[in-house]
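First comes the structure, then the notes that go with it.
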Amino acid sequence: MKEKIYKLINQLYFEHDLMEEDLVYLLDNLEDETRTYLLGLAYDTRNNHYGKAVYMRGLIEFTNYCKRECKYCGINAYNKDAKRYRMSKKDILSTCSIGYKLGFRTFVLQGGEDPYFTDKRICDIVRTVKERFSDVAVTLSLGERSRESYKVMKMAGADRFLLRHETSNPDLYRWLHPFSSLDSRIECLHSLKYTGFQTGAGFMVGLPWYTNRDYARDLRFLKELEPEMIGIGPFIPHSSTSMKDYRPGSLDQTVLMLAILRLLLPKVLLPATTALASVDTRGRKKGLDAGANVIMPNLTPLRYRGDYSLYNNKKSTGSESAEALKMIKQELESYGYMADMSRGDSKMCD
Ligand code: SAM
């Protein structure tokens with residue numbers, strides 16, 4: 001059996017592909033030794049394509065208003081305990097300005113699905129950011145919109161868009177999002193690709209009732225979609241949601257998923273996410289060692305930061321000051337990595 005596992009891992013490493021059945025077999029039968037081998041190959045693969053550079057993205061959580069009902073999320077529309085905020089255009093621009101002076105060349109504008117931010121308002125913000133800071137990339141992460149909306153945002157100058165598919169299991173998707181469907185989420189991802197965005201998809205690790213078959217399907221879905229970016233992180237319960245009593249996803253399972261994704265899509269941009277750093281203090285290092293190559297320090301003004309509460313004990317890796325950024329860079333150096341402040345486009349675009 002061990003021989004077969006090594007063969008499958010080598011196939012992942014050399015061919016960047018594995019069928020669903022083989023992925024299930026691999027996940028069912030990994031042991032310490034074979035797991036260490038797989039993680040090592042993911043580490044080598046990241047080094048081959050990106051070296052020890054870790055791309056830095058300045059995250060701006062610009063609104064926590066949300067019309068969606070995602071059961072797991074602390075800012076869902078039903079959570080009456082959430083203290084809502086919405087950053088003004090002026091606020092967003094001055095946050096970008098602080099980030100720009102610190103050296104960031106990618107800004108990620110993330111928010112709930114807030115109807116206030118019409119296409120017109122988003123396009124105006126994107127256009128102004130791109131005019132003022134001509135060498136930055138703008139990543140949007142604001143949920144499901146029509147293909148037409150994505151098109152105008154792209155034309156306004158946005159470069160990338162993050163929209164996790166969350167889970168490839170349609171029944172679980174429906175349970176987690178009672179009034180939405182996996183099909184429309186996937187349709188949005190295809191629209192984003194079609195529109196020319198560098199597109200990011202991804203899923204949560206450790207959702208209730210998840211099986212290795214589900215993980216294998218998530219991995220296959222991503223392999224076939226070929227996004228430029230993949231965001232995955234553990235599910236972490238939020239005390240004001242109906243999922244407050246479910247168990248969080250584990251560090252080890254998330255790290256394993258990162259490593260397999262690095263092997264399936266060697267050039268993909270793969271963040272060691274905030275959720276991973278929140279679930280365990282060693283999360284960021286372990287994520288990077290398993291092939292991740294991006295981190296997203298938080299630029300959201302401190303007065304809002306606590307209110308963008310997606311899950312409990314969210315780690316706040318702030319970089320609002322030079323001092324805070326220096327500490328993040330030192331942390332990376334202590335792990336043997338180096339912060340890269342450039343735009344950091346995906347090498348899949350080369
Ligand atoms: N509204 C946008 C969207 O739907 O893509 C972006 C904001 S949404 C809050 C960003 C991501 O947070 C989601 O894709 C989801 O995977 C993650 N998230 C929300 N609640 C979470 C939780 N309790 N645990 C882990 N991740 C969570």
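The values are calculated or read from the model by the stated rules, or taken from the named source; none is laboratory data. Keep in mind that what you see is a predicted model, and the values were worked out from it rather than measured. Quick reminder, even Gly has a Cβ in these numbers, built from the backbone with ideal geometry, and neighbours come from all protein chains shown. Note: accessible area is taken over every heavy atom of the protein model, side chains too, but ligands, DNA and RNA are not part of it. Shrake-Rupley method; radii C 1.70, N 1.55, O 1.52, S 1.80 Å.
What the table shows:
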item: Cys70 accessible area, assembled protein chains, probe 1.4 Å, Å²; result: 20 Å²
item: Percent accessible area from carbon and sulfur atoms, segment 68-146, protein chains only, probe 1.4 Å; result: 52 percent
item: Heavy-atom accessible area per residue - the chain, 1.4 Å, Å²; result: 42 Å²
item: Set Lys285/Lys315; Lys67/Lys89; Lys80/Lys315; Lys223/Lys329; Lys130/Lys151 screened for pairs whose C-alpha atoms are more than 25 Å apart; result: Lys223/Lys329
item: Positive-pole candidate from Ser240, Thr167, Leu222, dipole of segment 140-242, charges at beta carbon; result: Leu222
item: 0 to 90° range, to nearest 10: angle between helix 2-15 axis and the chain longest Cα axis; result: 40 degrees
item: Probe 1.4 Å, all protein chains present, accessible-area order of Glu113, Glu226, Glu333, largest first; result: Glu333, Glu226, Glu113
item: In nm, spacing of pseudo-spin labels at Asn29 and Phe179 (7 Å Cα→C-beta vector); result: 4.7 nm
item: Heavy atoms of Lys52 accessible to a 1.4 Å probe, total area in Å² rounded to 10; result: 80 Å²
item: For the chain, built as a Gaussian network whose Cα springs stay under 10 Å, the top-fluctuating residue of Glu20, Glu228, Glu131; result: Glu131
item: Cα-projected label distance for Arg121 with Lys52, points at 7 Å along beta-carbon direction, nm; result: 4.5 nm
item: Those residues of segment 174-206 whose amide nitrogen sits under 12 Å from the label point placed on Leu225, 7 Å along Cα→Cβ; result: 182-193, 199-204
item: Exposure rank, largest accessible area first [Tyr116, Tyr13; 1.4 Å]; result: Tyr116, Tyr13
item: Solvent-accessible surface (1.4 angstrom probe) belonging to Leu30, in square angstrom, nearest 10; result: 40 Å²
item: Highest-MSF residue in the chain out of Gln11, Gln198, Gln110 [GNM, Cα springs under 10 Å]; result: Gln11
item: Projected label distance in nm at Asn212 and Tyr6, using a 7 Å step from Cα toward the beta-carbon; result: 1.9 nm
item: Heavy-atom accessible surface of segment 147-214: percent carbon and sulfur, 1.4 Å; result: 53 percent
item: Per-residue ³J(HN,Hα) for segment 260-270, Karplus 6.51 cos²θ - 1.76 cosθ + 1.60, θ = phi - 60°, Hz, x for Gly and Pro; result: 5, 5, 4, 6, 6, 10, x, 9, 5, 7, 10
item: Extension gain, Met338 back to Asn313 (0.36 nm per residue minus Cα-Cα distance, nm); result: 6.3 nm
item: Sequence of His238, His190 from largest to smallest accessible area, 1.4 Å probe; result: His190, His238
